[in-house]
Structures are given as C-alpha cells and as structure tokens.
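Undergrad: One structure follows; several queries about it will come next.
The values are calculated or read from the model by the stated rules, or taken from the named source; none is laboratory data. Everything numeric in this text was worked out from a predicted model, so none of it was measured. Backbone-built Cβ (ideal geometry, glycine too); neighbour counts: all protein chains shown.
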Amino acid sequence: MFEREKTKTSAASHVQQFIEVVGDIDIKEVQKVHAYRFCDSLDKDGQASKTINSKMSSIRAMMTWCEQQAIISDSPFHNLSLKTYGKRSVSYRPIPDSVTTQIALDPTLGRSERLLLACLYFTGCRIDEWATATYDMIKMKDGIPYLDLLDSKVKNEGSRRLVPLHPTLHSMIKDAKGSLKDGTGRIFDYATDVDGKATNAASKALMSAIRKHTSDQKHSAHSYRHGFKDMLRNLGVSKEVNDFITGHSSGDVAGKYGSGVSLQVRYEAVSKISSDAFAP
C-alpha cells in the first residue's frame, strides 16, 4: 500500500492513533462521523491542517484497502470536508540577500552548510534534492553545468529534471570537490533516514545557522525556494521557464535536452541572478 518505509511507519502510527480516539470497534462499524471525531481531537490538540490531512490520508488509504479486499462494502471516508480543521500552514518569506550574506560570511558556518546555502539560493531546489546528491550527478552538456535529477528520489515526476548551475555555484561545487572529501559519492554527508532521505539532518544543520541571523519564524531553509522563484520572476523570466527549473512542470521525464524548455534557456535564466549575496 505504501512504498516508503517511513510512510509505512507513519501510517501505522496514524491508524493506532485513530483507534485510540474512536475506540477499537469493528472495521464494518466505522462511519464518516468517526473521521470527524478524529479530526476534531487533533484540532483540539493544536495540530496543523497539513498534519491532520496527512493523518487522515493514512486512514483513508486503510479504509480503501479494506474496500478493495472486500472486508467492507464501501469506504465511508470519501468526500470528507476537512477545511475547518487545524492551524493554517505558515507561508514562508524569502530571506533578504543582506541576511543571506551575513549567514554565508559567518566564520562559524561550516563549509558544508555554506555550500548547501548556495545550492538552495542559486537553484531553488528542495533541500533533499541537494542533501542526497552525488558528484556524478553534476554534469556538463554543451558547456552548461547542471544537476541531473532524472533518476533521483524526488517528490513527483515533474521533479525529475535538469537543473542548470549558476557559474558561481558551479565554481563552489568544484572547489568543494577537492576540499570537502575525495570528490566521489555524496556531495554532503548529512545522515539519511530509512528511506534514504537527508531532509531532516540537512535542514537542522542549516536552520541552526539561519537562526543566528534572523528570528523571523517565516524564514527557513525552504524560504530559498520561494526566494529563488521571486528572483527569476523579478528578472523577467517566464513562469514556464521558472517552473521547469524548480520542478513545478511536467519535468524532463524523457531525459531529452530539447524536451520542454531547453537547458540553454534555463541556464541563461539562472545566470541572470546576481552573486553579490555570496561576495566576500
């Protein structure tokens, strides 16, 4: 039912929590009202809307599986209305370049964190796309350096893409290849979870550095994804090109450089970004 080990573990936990709230009743006695009772309990605990929806997704999946196996005739959890439950998600705010410069030039900042900061700033990638990247994913085509995410563990098919590297970032990665480690394997050594994801460890390390220079709770490592899209938009880059770079499009699933927005066009867009925030 679930592919990722972490998802399986979480789903089992969510189902157990559901049972604790509604009672250990026969599966055939479960009704739609039990879903609302569960969500109401989570809401009163102060949980976020996104968290409540995630937990209900696990419960829905369980009920759908029971329906498919003819354990129940019909899942009662279709067409649930959950909009009123939970706290709204925080809208992250782009981190100003002046703050990014403070972070980047902080003498206590580790070399890995400085490079990761630049990776997020110049590409708008999700943090795990870089945190688990390997040196052999840094490639060159017709003089254009890029990160190849076609075969990576990414969020969705649209995220399987080629991400052009800003000249400053490419230079930093080449320098790191000789100074951080032996230039093979993973670029970063952040710990991975059971699914091979390094999001938590990388985010924790970078957030420690970010919090030294900004207490704004809407500033986070994810802010750089928002900030990158804003930078391209303000530079006059079209939404289509912007989406192809950040993985909000159909992606490069065919693995052909001429498919969708060309790598050349993407590179020209990324190269417009000023590198002043990382200037010494």
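Undergrad: What's the number of the condition E113 fails, among (1) crowded, with 17+ Cβ neighbours inside 10 Å; (2) at pLDDT 95 or above; (3) out of contact with any Leu (no Cβ under 6 Å at 6 or more places or on another chain)?
TA: (3)
Undergrad: Can I ask one more? Any idea which residue in region 94-103 is farthest from L162 (Cα to Cα), counting only those that are surrounded by fewer than 20 Cβ atoms within 10 Å (Cβ to Cβ) and touching a helix residue (DSSP H, G or I) at 6+ places or on another chain (Cβ under 6 Å)?
TA: T101
Undergrad: Just checking, which of H226, H166 is at pLDDT 95 or above and closer than 17 Å to W130 by Cα?
TA: H166 is the lone residue from the list that is at pLDDT 95 or above and closer than 17 Å to W130 by Cα.
Undergrad: Looking only at region 117-154, filter to residues that are under 21 Å from D193 (Cα atoms) and small (G, A, S); which one of those is surrounded by the fewest Cβ atoms within 10 Å (Cβ to Cβ)?
TA: Top of the filtered list is S152.
Undergrad: Given I59, I71, I52, which one is of a type in the set (A, V, I, L, M, F, W, C) and under 22 Å from D195 (Cβ atoms)?
TA: The conditions single out I59.
Undergrad: Turning to a different aspect of this structure: Whether any residue in region 95-107 is in contact with a Lys or Arg (Cβ under 7 Å, 6 or more places away or on another chain), at negative phi and either free of Cβ contacts under 8 Å to residues at least 60 places away in the same chain or assigned by TED's automatic domain parsing to the domain that holds G196 (or both) is what I want to check.
TA: yes
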